[in-house]
Every structure is written in structure tokens, then in C-alpha cells.
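Note sheet for the following structure.
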Number of protein chains: 2
Amino acid sequence: MNNLIDRATLDFYLHDWLHLETLLTRPQFAEHSVESVSAMLDTAERLATSHFLPFYKKGDVQEPYQDADGAHVLPEVQNAITAYAEAGFLAAGFAPELGGLGAPNLVHSAATAYFMAANGPLAAYSFLTVGNANLIAHFGTPQQIETFVTPELEGRWTGTMCLSEPQAGSSLADIITRALPDGADELGPRYKITGNKMWISGGDHDAAENIVHLVLAKIPGPDGKLIAGSKGISIFIVPKFLPGSGARNDVHLAGLNHKMGCRATSNCLLNLGEHGGAIGWRVGEIGQGLPIMFHMMNEARIGVGLGATMNGYRGYRLALDYARNRPQGRAISTRDAVSKQIPIIEHADVKRMLLACKAYTEGALALILYCAKLVDDAATATTEDARAEAEAVLGLLTPVAKTWPSEWALAANELAIQVHGGYGYTRDFDVEQLYRDNRLNAIHEGTTGIQALDLLGRKILRDQGKILAQFALRVQATIKAAPADFAGEAAALGAAMAALQACLRDMQAANNETEMLANATNFLSAFGHAVLGFVWLDLVAHLDTTRYDLNFIEGKKAAARFFFAFEIPKIAAWLAPVSTRNGLTVAMQDGWF
Amino acid sequence: MNNLIDRATLDFYLHDWLHLETLLTRPQFAEHSVESVSAMLDTAERLATSHFLPFYKKGDVQEPYQDADGAHVLPEVQNAITAYAEAGFLAAGFAPELGGLGAPNLVHSAATAYFMAANGPLAAYSFLTVGNANLIAHFGTPQQIETFVTPELEGRWTGTMCLSEPQAGSSLADIITRALPDGADELGPRYKITGNKMWISGGDHDAAENIVHLVLAKIPGPDGKLIAGSKGISIFIVPKFLPGSGARNDVHLAGLNHKMGCRATSNCLLNLGEHGGAIGWRVGEIGQGLPIMFHMMNEARIGVGLGATMNGYRGYRLALDYARNRPQGRAISTRDAVSKQIPIIEHADVKRMLLACKAYTEGALALILYCAKLVDDAATATTEDARAEAEAVLGLLTPVAKTWPSEWALAANELAIQVHGGYGYTRDFDVEQLYRDNRLNAIHEGTTGIQALDLLGRKILRDQGKILAQFALRVQATIKAAPADFAGEAAALGAAMAALQACLRDMQAANNETEMLANATNFLSAFGHAVLGFVWLDLVAHLDTTRYDLNFIEGKKAAARFFFAFEIPKIAAWLAPVSTRNGLTVAMQDGWF
């Protein structure tokens, strides 16, 4: 069995490509060194292998169940959260004054990758907790931070995000959960909250002492009415048990969702305020619920991308292992039926599938780490210009980081099943579960369609293409620096970027926003592949023959070449209806289906 | 809830497009009329809705289980088989002397579509039985037919195909099941058979009185050794209970496979001959096992394509229903947050997904019925030339009929989940099960990779492109007859066919078969899309405005236009590495991964 992540690949990304050593020279990261990072990754691998990987199948088979006490999950969940916290991973990304290590986001993301590869659904509890604690640490009062963040980072309490409601999923503006003022105390302005929250991952379970919900709700105006739209939304801390008294708060499990995959993560419908109102404390100002939530959204979405990536990567590694060990058939040139069967990895079509898996998942991992580095650069680059540029490029790439792995690492899962043949279709192997688990990622934290509108509408058209132009400078630099044996690929990337920019010019001729955004998803697909072309071309320019063996280097080059030969041509296909502003989807009528 | 199949679409395909009325004028179909066909489809819809559809979810949740008596399945399976037989569907495609209706394959396929849409995994028992009975009816002796086919067509016994073994799946030449001569009786030459058979759908269950296995095995030579390769394979009838005595034969359930989907169909590892040898009677000549099996393979593979199609079609119809009834968000042009939310079918990106589903699944259904008609033409066309041409084109299109729906109706299932959002990811809705069920179809009856080698190697290159040229004549006729408002699409189809043929010429320059076939799967993808372009263009040329309402006609035109605008451009992307004979997959080394 392969290890969870090929360490040489990870080291190549971190050191040779993203220059971690230089990053660590910044004063914010003075506590860290190449050696300490290496030790952290070793620990992540060990812990992921001992406390997460062994329960991957079990978490699928033994789903959370509900009784009068609420939701019950595998006992291994609590063990995993505790071990994760004790090893310092829950707090790794937080400031030392919160008990954290202040590690670069890049390093924390690389460590996280191990847990995502080992058992994403089990690891989800910790990642949700980190996101929750991050928001409170950023926007909460000192008392809120001490009361809620501290036990979260110690692994005693977990956290959730409560956004969706049964009637409001993608359209958060339509939430109707109400928060009525109820005075104030040392934890801030207090409210009584009533409503229903849907799709809450980790919304109830018995793997921690308490659960800290972050709840979007609306405070009624003087007329008792809710303000329409997103402007009326505020955000509240609603713990399952009240701090201090330990009394049960009025937030209860109404039901568990039974999912296609990701079953180890409990997913809940929560009722708030059935018995008079759930106590909640507001974080930040009234009406700032969405901006506060979205401040964390880049990192949450990149986190989804990382989860999708590692899920697909795991499938790739399992398929590789299977293909090396399954004898079946003979070379096309062999007519001798008496000869031994060969391992299927020797068949061209199996190699095609594995190369696609490698190009998709290793490329996606590189993209995610590239974005993780941008998070660090946006916060710690040495000039204000550099920080602003990193922030802008990060905003542009975030919808790609979220969707590209959700589509293409999922495609790797699909191919991993195919490489396994009939065996891959059975539950005796993990690849079918990996597909089912990964299928969620194109849906939650903003569907692919929503991300496409974000990319084309908000990040490109509304900005007049300025950020895109900034990103294009990075791409041009990569094209210029391409190795001589990748001149053809460099030219293809240049052509792809030119096609995207020409397509944008064509779209400016549109009559209105509806027409302009009609084929946003196709544009996202095309742009995503161009970004991955950039990533692969940039990667092969950083291959150091003195540090890596020939097999490693040939493998990376082959994956890059494969991506350009088999994938980059798809860009033209996706752009075809975009550049002609094809109006079919707008014109289509319900009655015609 | 939508009905299982839009009847207007089915009627359009059968009557306006495939000219069923003309087909029925052939003497072989004298017993049938447009009215009797219509009544048969009505019955199929009614029975599929009453005896198959209601148990779709139950079959997924309550998997077959094994105890000392063998495998147990839902009681609804037996009810469904019995009702299906009593309504005449088991025998529908058989000659009247076997108690059948002698219905055209086209009609039988259309009726079958209803059962596939309602509950493919439950319907599988009957389809396997039909395939089994078909083979025996074709190649068996009168005594074999009377003994085995008769109770099968009465719905009392079911049938299986036992090809794979644990060490021999795609590579049937490597089977090692042995058949030792054991005299002869009225059922023919008798053998004692020993071996293990894997992936046997319906291999054991308690839904019928007996199970008739058709088993591939090798008869050892005088030296006791098995003949290497496929030449040594013969085919045998091995019933679970011996006819006459009713004694238990030596074929036993060794284990059930627990699958990602298709769970209502028991899937078995069978042990033969653990207690001295399973009694079997040879069908046909020694060494003719594979040719006999493959004689049935075109129809079996088209059957897989039909199953995949209807599975995706069902997902499309459910997604359509959901999109019409789920309010979420507002039009892009609406800034008024107080306005009511709109049904998601009004969002362009949702319409894109539904149009893709429509283009994929209605296109796939048309393709399958086109192939079903070719089966009829190959048998009953009025001239020998026409029969030969139909047989040749059928051979060419069979790998497409098998794989295209397995890939693209599956893509429709995937989109149906996406249209449902989070709800689609729960098991409360059927779309996630439909995906899981359909995922099998790219694997069994020859994987996509195997089909690609069949298409490019056997059907095109080995034949010097002659059959392809025959098919191209049909395409040219369609291009010529295209309606004026589809001139652009007609030109695009012409260009696609020219690109495929240019690509074949480029490939002739290859040094060897290995190089030529390295990118066969990409070629299959490209050819498949061209075939579907042909199907859609031909369909819109047959739209009769006097027979169908404007909504119907606009819908078909929109789906056709969508396919050409969004899908046909992918052909160039797939062909790019094929026409340059890209050698990446051949050159790739195990150690480079």
C-alpha cells in the first residue's frame, strides 16, 4: 500500500516551487524552520495514519444515529479530535497568544492534506472547528475569544457554521431565522434566536463537551419585520451548552441527513428556539453577518478544494497500487496466449487513466498550495503592493481552487473506480466510497454554478478584468521561463490565455448582465484548465535534477505533457459557446423540456 | 412527478424517425400493427409503474443476503418476474413456436426502456433470462430449448451468463474452469465442471424455481492440460437444479458482492464442482464458446446501453421535476430582494444542466432505438445488401451504443444530483442512487477501454475503414437533408466526420498496432460524439409540425442546438492527441508515477 502522500512531491512543491525557506525568513514566522516544518509534516502523516485512516470504511458503514439525547457518532471521532488537538494541529494556524504555533498557512495546509487524504469525513469536525474559531478570533471580543475559542483549540469543544435553511440554501438573503434582543452581558449583546438551520455539518454529535454554532439570523426592525435581502443578516454565537451554567441551550437536533457519502460527518437539521429562544451573542456589528462570514470564505473554499483534492489523490494512489498488482491480459503485440498475464499498469489505456489521475490530483494539490501561499503573502509579504497583489490574485483563484478539484479530482475518483474494474464497484475497496464522499464538494460552500458567477461576474467583469490582467502577468512570466523542451506547451498556454481574453472582449458586446453571465460555468471550466496549465508549466520549470531522481522528474514532465496534450485542447471547446454569447440557456423555456 | 418516459418523444422516434409502420409491413411482423405496438407500450408503462418503480429504493436499502440456503432477495423480485412474464414481455422477442410474439427488436427495446427507467436492478433478472434463453434458442438442440427455454420464458426459471473468473475478467482467454466429459444423454454431451465464476448477476437468489447458468469452461486435452487462449473455450448449460430429478447440482454460492449500486441484483461468486463436479451440457461445438457468446454480444451490449440511457433519463426527469418546484434566488436582473424567489428552472445555469441532460439522454435513447432497428434490418430487410449493410453498421455502432450512454447518461445522473443541490446528495431522493446504479455500466460487458479497442482496432483499422465509409454515407445523406435552420450544425457534423477520417489517415502512418491503438479511448469519445451529432441532426429533420406541438418541436431543436454548440466542439479536443499519435501513454513507465 502506498503512503498517504508522496513526500518527495510535497517537498518539491513546498521548497523548490513555493520557496518555503524564503517565506520562513519573514518575521511573522521566526519561530519556524525547515526542520520544524518537516517534523510537523512527519507528525501529520503519523497521526493521520494511526487515528484517521483506519476508520475510513467504518465511518461509512456505521452512520451517525439519533435518539432522545441527540446524534451519536463513532467513538473514534472524539479520539481523533483529541489527538489532533494534542499534537497542536487545531491551533497550528493561530497566534501564539491563543496557544497556537503561528504557522504559515502554506505549512498548515500541507499538514492538513494528510488528514484529508486519510479520512476527510472524520477530519471535517476539526476543520469546521478551526474555521469557526478563526472567525471568532478575528471578529469576536476578547471575552468571546476566551470563552469559545480556547476550548475549541484545546479539542474539547467543536464548532459549526449555520448558514442554510430549508428554504434558503444558495440564496442566503432569504433566511428567516429571527434574533430578538435580550439585553447584554460580558459575552456581548445577547439575543433569543428562533429558526431552522439545514445542512449543518457536525451540528450535533457526542464527540465533544460542547458545540459552538455560528448562526446567521436577522434582527427584526421596529415593525417586527425582517429586513429583506442580505443587509439584514447578522451573525451570532449559539453554544449547545451555555458557558458557565452548562445549561442546555434551546438548539436541538431535528433530524439527521442521510447522505450519499461523507457519512462519518453528522449532518443536521437544527431547530432553534422551540422552547422560547436559543441564547446567542452577536459577533461584530448588526447587518455585518455576510461580510464577516465571507471574510472567512476564501479560506473555507480553498479548504473544500483541498478536501476534494486529497480525496481524489487518495483514489489515484489506490488505483496505482491496484494497477501494479492486478495481472490481466497481454500486450497488444503479444499473440502468445501461453505467456503470463501482465499487470494492468502496462496497458496504454490504464496508463492514460492513471496519468489523468496524476495530472488532475497532483496539479490540484499544487494549485491549493499555491493559493495557501497567497494567503500568507496577502498577510505577510514585505511590501503593501505585494500584499495587495496577492490578495487580488487569491480572490481570482479562489473559485477555481474550490471548483476545479471538486470536478477534476472527482474525475480522478471516477477513473480510480474504472482502473479497479468490477472490484472498484464493490464496497470491499475504498475507491467507490471516495467517489461518493467527494461528490459533495461541488455542492457545499457554494455550488459550481455559484462559483462561476463569482468568478466571471464579480472577480472579472465587475472589476473590468484588472485582476485578471495581474494574474496574466504571472502567467507571462511562467511562459517566458518555460524550459526549452516545453516550448510547445508554453505556446499553448499563451494561446489559451489569449483566447480567454479575446472571449472576454467578445462578451463586452453583450446587451446585459443576463446574457453576459449565461455561460459563466463554461468560462469557469476554461479558465480553470488554463490555471492548471499555468501550474503544471511552472512546476516543470522548477524541477531540480540535483535534488530529485530521474523517475520523479520524468513523472512530473509526463503529467505536465499529458495535461497539455489531452486537457488544454478542451479550453477551446468550452469557450466556443461563451465567445459567441450563445443564448440557448437563456432562451430555453420550461415548456420545451 | 413526471411519467417514466415522455410518450410523445418515444412515438416521434418510433414512427416519424424510424418508420415503424414500414417495418411492420415486413412479413416477419405480420402479426403486429401500430395499434398492437401502442398497446404493448401502454402495458409496459403500467407494469413498470406498478411492479418495478415502487421498489427502487427498497432494493437499494435491503440488499440480498446469504445464508445456508443461498442468496435471498426481495420478494418483489419474484412478483415482478412473474408479472413481466404473464404480460408476455419475457417471450416478446421470441418466435411464436416458442410461445413468443415475434415482435420487432425495435418494439421490444422500446417496451424494455420502461422497465429500465423504473427499476433497472430489479429488471435485470428478466433481461439476463432473455439473453440466456436467446442463446439457447439460437444454438441449443430442440431438447435443450424445450427443457430450459420454455420454463425461462414462462418466468419460472431465470438465466445467467457465467464468463468471468477471479483471475480472468476482461481477459476471458485465461479462464481455468474445467469441463470433463461425462457421457451424453437426451440433453446432449454431458460434462462435469469445476471452477469459480465471479461477478455473476442473478447467480443465486430465491425468486425463481431454478437458475439456468450458461458457463464458459475449457475441456482439457488428452494430456489433461487446458488449451491456452480463447480457442479452448466451450459453453455449457449448468442448471442449479437438474431437470427431471430436481436434484441439487454442484454449483453453490460462495459469496455475494456488495456493490456501490445495482444492489437489488444479486451478484455472486459461484463455486462449481466442489463436490465432484457440476453437471453441464455443452451447447454448440467444442471450442465455439466465445463465438457463440459473442453472437449475442451486440444485443447484450446495446442492452447495457439502454439500461444506462434509461437510468440517466430517469435522473433527468426527476431533476426537471425538482427544478420546476424548488424556489431559490432571483433573476440576475432583479435587484429587488423583497420579490418572491423563482423556481430554479429559470436560472440559466440550471437550464444548461437540464439541456445537457436532455441532449445526452434523449440522444442516447434515439441512438439505442436506431441500433435496435438495425438489429431488425440485419434480420429482415428486404434485400441481402440491405441486411449486410445494417449488420455492418450495427457492428460499428455497438461499441458506441454500449459506451456512450455509460459515460454521458451517467454525466446526466451527475448533473441531476447537482440540480438537486444538497437534497440530491441525500438518500431521500433517487438521483444519488441512479448515479450509483449507472456507474456499473462502463465496467461490465466489456469496459470502455475494451470497447475502444473493439471500435478502432477491429471495426475500423482491421477493416481498412470500409464499414466506417458505409456509415459515412448515412451521415452524408443526413447532412444533405438537414433543415435550412440547421445548416450550421450540418456543416459542423461534416467537419467532424472529415476530422475523424483525417485522423484515421494520420494514424495509418503509425509504426505498429501498439502505437495506433494507444489513444483508442479518445478516438471512441470523438466518434461517439459525432454519432450523436448525426442522431440529433437526423432527428430534427423529421420533426413534423402537424403532428407535434410547438413546445415539443422547440425542445427537440434546442437540445440539438445545445449538443452542437456545447458538445461537438469537444471532438477536436479528443482528437488532438490521436491525430498526432501522441505516445505519452505508451512511453509512460511504472516508476514515473
- Item | region B:258-282, residues that are crowded, with 21+ Cβ neighbours inside 10 Å and of a type in the set (S, T, N, Q) | B:265, B:266, B:267
- Selection over region B:7-20 where residues are free of Cβ contacts under 8 Å to residues at least 12 places away in the same chain and either assigned to a helix (DSSP H, G or I) or on the phi < 0 side of the Ramachandran plot (or both) yields a count of 1
- Item | Verdict on residue B:344 being in contact with a strand residue (DSSP E or B) (Cβ under 9 Å, 6 or more places away or on another chain), surrounded by 21 or more Cβ atoms within 10 Å (Cβ to Cβ), within 14 Å of chain A (Cβ to nearest Cβ) and among the β-branched types (Val, Ile, Thr) | yes
- Task: Kindly provide the set of residues from region A:336-349 that are touching a Pro at 6+ places or on another chain (Cβ under 9 Å) and in a helix (DSSP H, G or I), ordered by number.
- Result: A:344
- Message: For region A:532-555, which positions are facing chain B (nearest Cβ under 9 Å) and in contact (Cβ under 8 Å) with a residue 60 or more places away in the chain?
- Response: A:552, A:555
- Looking only at region B:496-517, decide whether some residue is under 24 Å from residue A:569 (Cβ atoms), under 25 Å from the mean Cα position of the chain (by Cα) and either within 14 Å of chain A (Cβ to nearest Cβ) or modelled with pLDDT under 95 (or both). yes
- Going through region B:256-287 in order, the residues found to be within 14 Å of chain A (Cβ to nearest Cβ) and at positive phi are B:262, B:287
- Item | Qualifying positions in region B:224-254 - in a strand (DSSP E or B) and closer than 23 Å to residue B:140 by Cα | B:233, B:234, B:235, B:236, B:237, B:238, B:239, B:241, B:248, B:251
- Message: Kindly evaluate residue B:164 against the criterion of being buried (at least 18 other Cβ atoms within 10 Å of the Cβ) and at pLDDT below 95.
- Response: no
- Set A:455, A:473, A:468: member being assigned to a helix (DSSP H, G or I), under 21 Å from residue B:347 (Cβ atoms), more than 11 Å from chain B (Cβ to nearest Cβ) and modelled with pLDDT of 95 or more: A:455
- Can you find a residue in region B:506-525 that is crowded, with 19+ Cβ neighbours inside 10 Å and farther than 30 Å from residue B:163 by Cα? yes
- Could you please find all residues in region B:210-229 being at positive phi and more than 14 Å from chain A (Cβ to nearest Cβ)? B:224
- Item | Residue among B:352, B:324, B:248, B:314 that alone is over 26 Å from the mean Cα position of the chain (by Cα), more than 10 Å from every other protein chain (Cβ to nearest Cβ) and modelled with pLDDT of 95 or more | B:248
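Let's see how each residue does on (1) among the hydrophobic types (A, V, I, L, M, F, W, C); (2) surrounded by fewer than 21 Cβ atoms within 10 Å (Cβ to Cβ); (3) not in a loop (DSSP other than H, G, I, E, B):
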| residue | (1), (2), (3) |
| --- | --- |
| A:85 | yes, yes, yes |
| A:97 | no, yes, yes |
| A:106 | yes, no, yes |
| A:110 | yes, no, yes |
| A:114 | no, no, yes |
| A:117 | yes, no, yes |
| A:130 | yes, no, yes |
| A:134 | no, yes, yes |
| A:138 | no, yes, yes |
- Before we move on, is residue B:232 at positive phi, at pLDDT below 95 and of a type outside the set (S, T, N, Q)? no
- Task: Could you please give the count of residues in region A:197-223 that are surrounded by 19 or more Cβ atoms within 10 Å (Cβ to Cβ) and either assigned to a loop (DSSP other than H, G, I, E, B) or over 26 Å from the mean Cα position of the chain (by Cα) (or both)?
- Result: 8
- Message: Given the criteria within 14 Å of chain A (Cβ to nearest Cβ), touching a residue at least 24 places away in the same chain (Cβ under 8 Å) and among the basic types (Lys, Arg), does residue B:402 qualify?
- Response: no
- Query: In region B:453-463, what residues are within 15 Å of residue B:297 (Cα to Cα) and hydrophobic (A, V, I, L, M, F, W, C)?
  - Reply: B:455
- Message: Condition first: within 13 Å of another protein chain (Cβ to nearest Cβ), outside any helix (DSSP H, G or I) and of a type in the set (A, V, I, L, M). Can you find one or more residues in region A:422-443 that meet it?
- Response: yes
- Query: How many residues are facing another protein chain (nearest Cβ under 7 Å), surrounded by fewer than 23 Cβ atoms within 10 Å (Cβ to Cβ) and closer than 18 Å to residue A:524 by Cβ when one looks only at region A:578-593?
  - Reply: 3
- Is it the case that residue A:175 is over 28 Å from residue A:85 (Cα atoms) and among the aliphatic types (A, V, I, L, M)? yes
- If you scan region A:163-192, which residues turn out to be more than 14 Å from chain B (Cβ to nearest Cβ), under 30 Å from residue B:334 (Cα atoms) and not in a loop (DSSP other than H, G, I, E, B)? A:178, A:179, A:180
- Message: Looking at residue B:303 and the list (1) within 14 Å of chain A (Cβ to nearest Cβ); (2) under 30 Å from residue B:237 (Cα atoms); (3) buried (at least 18 other Cβ atoms within 10 Å of the Cβ), which single condition is not satisfied?
- Response: (1)
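One line per residue, one yes/no per condition, for (1) over 22 Å from residue B:321 (Cβ atoms); (2) within 25 Å of the chain's Cα centre (by Cα); (3) charged (D, E, K, R):
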{"site": "B:7", "(1), (2), (3)": "no, yes, yes"}
{"site": "B:20", "(1), (2), (3)": "yes, yes, no"}
{"site": "B:27", "(1), (2), (3)": "yes, no, no"}
{"site": "B:39", "(1), (2), (3)": "yes, yes, no"}
{"site": "B:43", "(1), (2), (3)": "yes, yes, no"}
{"site": "B:57", "(1), (2), (3)": "no, yes, yes"}
{"site": "B:66", "(1), (2), (3)": "yes, no, no"}
{"site": "B:76", "(1), (2), (3)": "yes, yes, yes"}
{"site": "B:79", "(1), (2), (3)": "yes, yes, no"}
- Message: For the structure I just gave you, tell me whether residue A:290 is within 14 Å of chain B (Cβ to nearest Cβ) and over 24 Å from residue A:113 (Cβ atoms).
- Response: yes
- Message: Within region B:68-77, does at least one residue satisfy the condition of being within 19 Å of residue B:268 (Cβ to Cβ), in contact with a Ser or Thr (Cβ under 6 Å, 6 or more places away or on another chain) and surrounded by 18 or more Cβ atoms within 10 Å (Cβ to Cβ)?
- Response: yes
- Task: Considering only region A:22-58, state which residues are closer than 17 Å to residue A:373 by Cβ and buried (at least 16 other Cβ atoms within 10 Å of the Cβ).
- Result: A:23, A:24, A:26, A:29, A:32, A:37, A:40, A:41
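The values are calculated or read from the model by the stated rules, or taken from the named source; none is laboratory data. Because the structure is a prediction, the values reported are computed rather than measured. Quick reminder, even Gly has a Cβ in these numbers, built from the backbone with ideal geometry, and neighbours come from all protein chains shown.
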